[in-house]
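These notes are about the structure you will find just below.
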Amino acid sequence: MATVHLRIGDLVWGKLGRYPPWPGKIVSPPKDLKKPRGKKCFFVKFFGTEDHAWIKVEQLKPYHPHKEEMIKINKGKRFQQAVDAVEEYLKKAKGKDQTHSDDKSKSEKGRKTAKPMKIIEEDDEDPFKGGLSDKEQTDSDPEPSSVQRLVAGTVSGFKWESSPVKDDPHFHHFLLSQSEKPASSMEPITKRLKIIEEDTKSTSIQAADSTAINGSITPTDKRIGFLGLGLMGSGVVSNLLKMGHVVTVWNRTAEKCDLFIQEGARLGRTPAEVVSMCDITFSCVSDPKAARDLVLGPSGVLQGIRPGKCYVEMSTVDPETITELAQVITSRGGRFLEAPVSGSQQLSNDGMLVIVAAGDRSVYEDCSSCFQAMGKTSFFIGEAGNAARMMLILNMVQGSFMATIAEGLTLAQATGQSQQTFLDILCQGQMASTFVDQKCQNILQGNFKPDYYLKHIQKDLRLAISMGDSVNHPTPMAAAANEVYKRAKALDQSDNDMSAVYRAYIH
């Protein structure tokens, strides 16, 4: 391949995963972020966002020669904000150049033109050594705007070399607003369809891509409705809109809809109106009572159901509630799917949820682009009620594990051991995970901002214990953890993150 004439400081158009070409600047990577081995790429900071990533050279094009072309094929609001940020950056740079033009003209006489950076192979010397200093990089880079994620959409007419995730296992993507360290390595998810016949005769299907790192998604032409804009629902709707879906939203607190209306969503005045206007309506609320009220209450979902309308329940509830909702929806000619999600607010925002679906298989298939927008993987596991059972078991394990970790941290402190050292050792062993690291760090920092509400994990534990009782199966670990969460709730921790269960041990 011919040498690509790019170097640190150059403005470029970079193609990152499923996102359209976006303006950025080649910069020096953080010291602890190594260049992917064997890959010809540059580290790019994108304008108008706080996203940084290693981008392959075939996914980069010089900024100025392609500016007109890019602006023609992308009219999004956030894209325009990014272009404006580039222009503001150039204006500032030009001002600095004019201020020092006399000095520069003297010092540059006779100076040789800088050589273009050579694209290195795996064993070549790191080209970023000797690049911009941290201060120079900070001073010269544009200030990030409040927009923290790239707008999405299908961009036609611009040819980029295909870059499937399976060929790029060293891809790094992170937000500096979170940390200057790279995110934990993520196992690449490639599009696949695996059908496994289990003993229960249910079918498990893994069919959706990781939308944080995979290629473009073609949005369904069906009209999408979404009810419930809480911690999880907000991130889901944001990603549906970014992927080009037509979405109508409703929330009990109407003000929460405003941000999404500004981003292109439509507003529904009642759940019934949303269902009437849309082909597929999703809901994501807090508990079984809220799920029932949404469907059966005044101006509820059931009043908008007509033959062929699809309703997807994403709330984590008990299987009995799912069975009831499925019956009333289908009795009106509607089609029903349950699709609770495993994850947190951050994973919802990142489009990295895991979706567990059951019910009408054809609805699951109709929701394909929606699930790809909101999650990294989806599973279909048979008849309605199965997903509720599976999600309660998953959350039972997670909630019990969190309580045990909190118990370990407090016991370390009580016996005179360093909590940080406990965490460091834990994260070097077989139990190492992003979940453990993030939750423990939050505990040590006293940061209990909700990523998954404590009251919700306690609700899931309670429902899982009840489900165990219904089949005469013991759940002693979950029962013990449930008591600790109840203690935390009594200490007014309900609306904090689940990691606030720690406080149950120190009061």
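The values are calculated or read from the model by the stated rules, or taken from the named source; none is laboratory data. Just so we're clear, the structure is a prediction, and the values are computed from it rather than from any experiment. Positions of Cβ are backbone-derived with ideal geometry, glycine not excepted, and every protein chain shown enters the neighbour counts. The accessibility values were calculated without ligands, DNA or RNA, using every heavy atom of the protein model including side chains. Shrake-Rupley method; radii C 1.70, N 1.55, O 1.52, S 1.80 Å.
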task = Identify all residues within segment 375-386 that are under 23 Å from Gly308 (Cβ atoms), of a type outside the set (Phe, Trp, Tyr) and within 21 Å of the chain's Cα centre (by Cα); write none if there are none.
result = Ser378
key: Leading residue by the ranking (surrounded by the fewest Cβ atoms within 10 Å (Cβ to Cβ)) among those in segment 278-296 that are touching a strand residue (DSSP E or B) at 6+ places or on another chain (Cβ under 7 Å) and within 26 Å of Ser494 (Cβ to Cβ)   = Leu294
request  = Go through segment 338-358 and give me each residue that's charged (D, E, K, R) and either under 17 Å from the mean Cα position of the chain (by Cα) or part of a helix (DSSP H, G or I) (or both).
outcome  = Asp350
ask   = Can you pull out the residues in segment 219-235 that are assigned to a helix (DSSP H, G or I) and more than 16 Å from Tyr311 (Cα to Cα)?
value = Leu231, Met232, Ser234, Gly235
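Per-residue answers, yes or no, for (1) within 30 Å of Thr434 (Cβ to Cβ); (2) open to solvent by 10 Å² or more (accessible area, probe 1.4 Å); (3) at pLDDT below 95:
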| position | (1), (2), (3) |
| --- | --- |
| Ser276 | no, yes, no |
| Pro298 | no, yes, yes |
| Val301 | no, no, no |
| Thr316 | yes, yes, no |
| Thr321 | no, no, no |
| Gly333 | no, yes, no |
ask   = Only one of (1) assigned to a helix (DSSP H, G or I); (2) open to solvent by less than 30 Å² (accessible area, probe 1.4 Å) is not met by Phe448, so which one is it?
value = (1)
request  = Please name all residue pairs, on different chains or six or more residues apart, with Cβ atoms under 6 Å, provided the first residue is in segment 339-354 and is in contact (Cβ under 8 Å) with a residue 24 or more places away in the chain and closer than 17 Å to Lys449 by Cα and the second residue is of a type outside the set (Phe, Trp, Tyr) and assigned to a helix (DSSP H, G or I).
outcome  = Gln345/Leu231; Ser348/Met232; Ser348/Gly235; Ser348/Val236; Asn349/Gly235
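To keep it simple, each residue is scored yes or no on (1) surrounded by fewer than 19 Cβ atoms within 10 Å (Cβ to Cβ); (2) aliphatic (A, V, I, L, M).
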| position | (1), (2) |
| --- | --- |
| Val57 | yes, yes |
| Leu60 | no, yes |
| His66 | yes, no |
| Glu69 | yes, no |
| Ile73 | yes, yes |
| Gln80 | yes, no |
| Ala85 | no, yes |
| Lys91 | yes, no |
| Gly95 | yes, no |
message = Restricting to segment 19-51, name every residue that is modelled with pLDDT under 75 and part of a strand (DSSP E or B).
response = Asp51
ask   = Would segment 314-321 turn up any residue that is outside any loop (DSSP other than H, G, I, E, B) and in contact with a strand residue (DSSP E or B) (Cβ under 6 Å, 6 or more places away or on another chain)?
value = no
note = Counted residues in segment 213-229 being within 22 Å of Asp495 (Cα to Cα) and at pLDDT below 95 come to 0
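To keep it simple, each residue is scored yes or no on (1) within 30 Å of Val363 (Cβ to Cβ); (2) crowded, with 16+ Cβ neighbours inside 10 Å; (3) of a type in the set (Asp, Glu); (4) out of contact with any Pro (no Cβ under 6 Å at 6 or more places or on another chain).
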residue: Phe380; (1), (2), (3), (4): yes, yes, no, yes
residue: Ile425; (1), (2), (3), (4): no, no, no, yes
residue: Ala432; (1), (2), (3), (4): no, no, no, yes
residue: Gln438; (1), (2), (3), (4): no, yes, no, yes
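Evaluate the following for Arg266: is it open to solvent by 50 Å² or more (accessible area, probe 1.4 Å) and touching a Cys at 6+ places or on another chain (Cβ under 7 Å)?
No.
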